Amino acid sequence: MTAASGRIVVTDIRRADADTAAALAEFGSATVHEAMGRTGYAGPRIRPIQQGAAVSGTAITVRVAPGDNLMVHAAIEQAQPGDVIVVAPVTDSAFGFIGELMATQMQTRGVRAYVTSGGVRDTAELRTMGFPVWTAHVSAEGTVKDTAGAVNVPIILDGVAVRPGDVIVADDDGVTVVPRERAAGTLDAARTRAAREAANRERYRAGEISMDLNALRPVLADLGVRFVTQAEFERDDD
């Protein structure tokens, strides 16, 4: 009955391997997104309030009512070092669900970051604290604590499914979600992709261009793209 109604706090979630989760931060949200076959990106709406922070960790998921942060308080109690608290209101809600005081609790418990499709407040203080946050809204309007929700259940973060224990990778480009069971394979794929990009970078520095390196000329030809001189273009345009 309790689980069916959605009023639940799951206390013993399975997390992705901690070392694997932490290692994904090196590669960033874009590379990890590409390494998974261009999946898992939570979209351009969820943005960092700071610049230069790159984190990854295991998800504590929170489903909340609009304008109500009661379940975020419950989630903080469940957090362990290396976790990222991920909060999704059931409808879009531009309230400041957390600020400096709640972030202080999270930081003390070893939480790596806070990610939400809702809102946050006290952004200057959060930056001063060095506590990384990704959010869809910044708002001075606070919340109440009246409505039950759920902690450590599957949620939807701006269209992307997040389950408790999945890996959250977040940096200046946004947030990518890695399913727990894919974490190790994604780390291997990200390393392979990063090595290939490093090799290509050196070739570009040596003067090669992507048209040749990526064999794009046949692609353009197959699509019917022609290379013409200015005179030919002007003649064709007459």
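Taking all Cα-Cα distances within the range 172-238, those exceeding 16 Å account for 71%.
State the percentage of accessible surface on the chain attributable to carbon and sulfur atoms; use a 1.4 Å probe and exclude ligands, DNA and RNA.
Numbers: 6210 of 12100 Å².
Reported share for carbon and sulfur atoms: 51 percent.
The distance between label points at Ala184 and Ala124 comes to 4.8 nm (points 7 Å beyond Cα on the Cα→Cβ vector). Solvent-accessible surface (1.4 Å probe) assigned to His33 amounts to roughly 40 Å².
I'd like the chymotrypsin sites (Phe, Trp or Tyr not before Pro) in the range 194-238 restricted to DSSP loop residues with at most 11 other Cβ atoms within 10 Å, sorted by number.
Details: sites: Tyr204, Phe227, Phe233; in loops: Phe227.
Passing sites in the range 194-238 are Phe227.
Report the calculated FRET efficiency for Ala94 and Ser210 (r = Cβ-Cβ distance, R0 = 25 Å), to the nearest 0.05.
Values: r = 40 Å, r/R0 = 1.62.
Taking R0 as 25 Å, the efficiency between Ala94 and Ser210 is 0.05.
The length gained by stretching the chain between Ala198 and Gln230 to full extension, at 0.36 nm per residue less their Cα-Cα distance, is 7.9 nm.
For trypsin sites (Lys or Arg not before Pro), the sites in the range 111-145 that DSSP calls loop and that have at most 11 other Cβ atoms within 10 Å are Lys145. The 3J(HN,Hα) values that the Karplus relation (6.51, -1.76, 1.60; θ = phi - 60°) gives for the range 174-190 are, in residue order, x, 10, 10, 9, 10, x, 3, 6, 9, 4, 5, x, 5, 4, 4, 5, 5 Hz. Gly and Pro appear as x.
Pulled fully out, how much extra length does the chain show between Leu220 and Asp17, if you take 0.36 nm times their separation in residues and subtract their Cα-Cα distance? Working shown, then result.
Working: separation 203, 0.36 × 203 = 73.08 nm, distance 4.35 nm.
Between Leu220 and Asp17, full extension yields an extra 68.7 nm.
Taken per residue, the accessible surface of the range 1-150 reaches 44 Å², heavy atoms only and a 1.4 Å probe. Summarising the amide proton neighbourhood of Leu157: residues at separation of 5 or more, or on other chains, whose placed amide H is nearer than 5 Å comprise Val162.
The values are calculated or read from the model by the stated rules, or taken from the named source; none is laboratory data. For clarity, every value in this text was computed on a predicted model and none was experimentally measured. FYI the Cβ positions are ideal-geometry reconstructions off the backbone, even for glycines, and counts take in every protein chain you see. For the accessible areas, the whole protein counts, side chains as well, though only heavy atoms, and no ligand, DNA or RNA atoms are used. Shrake-Rupley method; radii C 1.70, N 1.55, O 1.52, S 1.80 Å.
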